[in-house]
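The values are calculated or read from the model by the stated rules, or taken from the named source; none is laboratory data. Small disclaimer: the values here were computed from a predicted structure and weren't measured. Note that each Cβ is placed from the backbone with ideal geometry, even for glycine, and that neighbours are counted across all protein chains shown.
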């Protein structure tokens, strides 16, 4: 039923509205005393010596890529998991189990490869 | 006709959402006080006790203070992204309330959707955008580092978090949270057959919320305050609100998925949904009370953990997520698959119960040796 999602959409608007209202309220009744040192980036009290946007470890991107692979795989398992039980009452149980096993084995191969390539090691 | 539709899809959900919203916000505000008092209790100090009776008015005082403080926007920040930073995690955590059944179905759920669980997961995992965006937009080393760490951590634990739920889905056969709860009332809590999934879910949910022992994004000794270093006033409050709301949502999820939600029944005997609905308003209140009790227990455990465990190192954190939790979760899926396939689900309940018993036995086997504190005199003359 698509209509049962209408409240969810409605609440998106309410949530955005609430956020904006609170922030504007804070803007209206909060203090406004700006000084240059207050607006400077926080550096534990010393003036900034170099750039703020330094290079970061490439592993963060690596983790993000691995996450996409593994999380999509989890999302693929969801519909399978929902119908699995009903299927075991019929004859399709063994077939579905085999399919899942194949899927997980394929995934495990990739997982082992990534592990061997030391993508999980933070040294 | 239009009026009835309007009532059904606009007015009622809105009223219920506002009800849930107010209750959850009250819990969030109260949790702030409870957490500080409990931490004080555990660490043998007082905690906030000045504003009102036992510091209880702190709940009111904090929001007022947030409203009256100055909203500082650093001059070097990216203005739009800086504004979006606190908004993005807040919106999905608010929206999730309408999907979570806080009690027996018709009364305490704003929008009953047949893929509620999927939608809840999708919404809660968007919280990471706001954190990384806020950290980047602040144009501050600590914020950027905290945001990146937080993103890496949340993303890493999202995988075991999602995988652990698969086992529950295999047993219950539905993504509808109400059906999952009903299945547990008619059989037994998923905690028993899915005990491995429960622990994985529980640890991941701690990591997802950046709570101690996984609070590396906010490791104050390294990163000042992490991704919200530059945020003040209401924007800072939004980050806190989002964190506590996400904690409540996760506590609700673990209650619904593993502990039978608002029901208190085994094998269809006891307070099942039908039983509660037939009792009318009283049943609804009882269901709500049962649900909130279970949920608050997990909120308490969050605080307990925070007071008990030291923080992980970043490589330990990543090791735990990628090298331990993911294989365990995958193994759990295969084992559950085998048990469901051979139709021996009852056996799983007994194995889970036995495991829990063994863990309990191991913990309480020998009394914890009492550590006797040395007096100042003994310390001075110890040689």
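Going through (1) touching a helix residue (DSSP H, G or I) at 6+ places or on another chain (Cβ under 7 Å); (2) away from chain A (no Cβ under 14 Å); (3) surrounded by 20 or more Cβ atoms within 10 Å (Cβ to Cβ) one by one, residue B:257 falls short only on (2).
Yes or no, residue by residue, for (1) surrounded by fewer than 17 Cβ atoms within 10 Å (Cβ to Cβ); (2) in a helix (DSSP H, G or I); (3) in contact with a helix residue (DSSP H, G or I) (Cβ under 8 Å, 6 or more places away or on another chain); (4) more than 9 Å from chain B (Cβ to nearest Cβ):
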residue: A:56; (1), (2), (3), (4): yes, no, yes, no
residue: A:67; (1), (2), (3), (4): no, yes, yes, no
residue: A:76; (1), (2), (3), (4): yes, yes, yes, yes
residue: A:81; (1), (2), (3), (4): no, yes, yes, no
residue: A:88; (1), (2), (3), (4): no, yes, yes, no
residue: A:110; (1), (2), (3), (4): yes, yes, yes, yes
residue: A:115; (1), (2), (3), (4): yes, yes, yes, no
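Taking the conditions exactly as written (surrounded by 13 or more Cβ atoms within 10 Å (Cβ to Cβ), part of a helix (DSSP H, G or I) and at the interface with another protein chain (Cβ under 8 Å from one of its Cβ atoms)), does residue A:52 satisfy them or not? Let's see the steps before the verdict.
On the way: surrounded by 13 or more Cβ atoms within 10 Å (Cβ to Cβ): yes; part of a helix (DSSP H, G or I): no; at the interface with another protein chain (Cβ under 8 Å from one of its Cβ atoms): yes.
When the stated conditions are applied, residue A:52 does not pass them.
Filtered by the rule that a residue be more than 11 Å from chain A (Cβ to nearest Cβ), within 30 Å of residue A:91 (Cα to Cα) and surrounded by 14 or more Cβ atoms within 10 Å (Cβ to Cβ), the range B:333-361 gives B:335, B:348, B:349, B:351, B:352. Within the range A:1-23, can you find the residues that are more than 9 Å from every other protein chain (Cβ to nearest Cβ) and closer than 20 Å to residue B:232 by Cα? Across the range A:1-23, the qualifying residue is only A:21. For the range B:320-332, enumerate the residues that are at the interface with chain A (Cβ under 8 Å from one of its Cβ atoms) and either free of Cβ contacts under 8 Å to residues at least 60 places away in the same chain or under 13 Å from residue A:85 (Cα atoms) (or both). Those that are at the interface with chain A (Cβ under 8 Å from one of its Cβ atoms) and either free of Cβ contacts under 8 Å to residues at least 60 places away in the same chain or under 13 Å from residue A:85 (Cα atoms) (or both): B:323, B:327. Of all the criteria given as (1) within 13 Å of chain A (Cβ to nearest Cβ); (2) farther than 25 Å from residue B:171 by Cβ, the one not satisfied by residue B:288 is (1).
Can you find a residue that is in contact (Cβ under 8 Å) with a residue 12 or more places away in the chain and either within 7 Å of chain B (Cβ to nearest Cβ) or under 30 Å from residue B:70 (Cβ atoms) (or both) anywhere in the range A:28-47? Give the derivation first.
We begin by selecting, within the range A:28-47, every residue in contact (Cβ under 8 Å) with a residue 12 or more places away in the chain; these are none.
Among the residues of the range A:28-47, not one is in contact (Cβ under 8 Å) with a residue 12 or more places away in the chain and either within 7 Å of chain B (Cβ to nearest Cβ) or under 30 Å from residue B:70 (Cβ atoms) (or both), which makes the answer no.
Which is part of a strand (DSSP E or B), modelled with pLDDT of 80 or more and in contact with a strand residue (DSSP E or B) (Cβ under 7 Å, 6 or more places away or on another chain), of B:265, B:188?
On the way: B:188 fails: part of a strand (DSSP E or B).
Just a single option satisfies the conditions, and that option is B:265.
If you go through the range B:75-86 one residue at a time, do you hit one that is at the interface with chain A (Cβ under 7 Å from one of its Cβ atoms) and farther than 30 Å from residue B:176 by Cβ?
yes
Per the conditions (1) within 8 Å of chain A (Cβ to nearest Cβ); (2) closer than 22 Å to residue B:306 by Cβ, the sole criterion not satisfied by residue B:47 is (1). Taking the listed residues B:169, B:133, B:119, the one that is buried (at least 24 other Cβ atoms within 10 Å of the Cβ), within 8 Å of chain A (Cβ to nearest Cβ) and either at pLDDT 85 or above or within 25 Å of residue B:88 (Cα to Cα) (or both) is B:169, with no other qualifying.
With respect to the conditions (1) in a helix (DSSP H, G or I); (2) within 10 Å of chain B (Cβ to nearest Cβ); (3) farther than 30 Å from residue B:70 by Cβ, residue A:95 falls short on a single one, namely (2).
Across the range B:260-276, the qualifying residues are those that are surrounded by fewer than 16 Cβ atoms within 10 Å (Cβ to Cβ) and touching a residue at least 12 places away in the same chain (Cβ under 8 Å), and the one among them that is nearest to residue B:29 (Cα to Cα) is B:270.
With a cut-off of at least 3 residues that are without any contact (Cβ under 8 Å) to a residue 40 or more places away in the chain, surrounded by 20 or more Cβ atoms within 10 Å (Cβ to Cβ) and out of contact with any strand residue (DSSP E or B) (no Cβ under 6 Å at 6 or more places or on another chain), name the helices (runs of 4 or more DSSP H) lying wholly within the range B:1-106. Working first, answer last.
Working: elements: B:2-6, B:12-42, B:58-68, B:79-96.
Fully inside the range B:1-106 and qualifying: B:79-96.
Quick check on the range A:25-45. Is at least one of its residues on the phi > 0 side of the Ramachandran plot, out of contact with any strand residue (DSSP E or B) (no Cβ under 8 Å at 6 or more places or on another chain) and at pLDDT below 85? Reasoning before the result, please.
First, pick out the residues of the range A:25-45 that are on the phi > 0 side of the Ramachandran plot: A:44-45.
Add one more test, that the residue is out of contact with any strand residue (DSSP E or B) (no Cβ under 8 Å at 6 or more places or on another chain), and what stays is A:44-45.
Adding the requirement that they be at pLDDT below 85 leaves A:44-45.
For the range A:25-45, residues on the phi > 0 side of the Ramachandran plot, out of contact with any strand residue (DSSP E or B) (no Cβ under 8 Å at 6 or more places or on another chain) and at pLDDT below 85: present.
So is residue B:99 more than 14 Å from chain A (Cβ to nearest Cβ) and over 27 Å from residue B:229 (Cα atoms) or not?
Working: more than 14 Å from chain A (Cβ to nearest Cβ): no; over 27 Å from residue B:229 (Cα atoms): yes.
In short, no.
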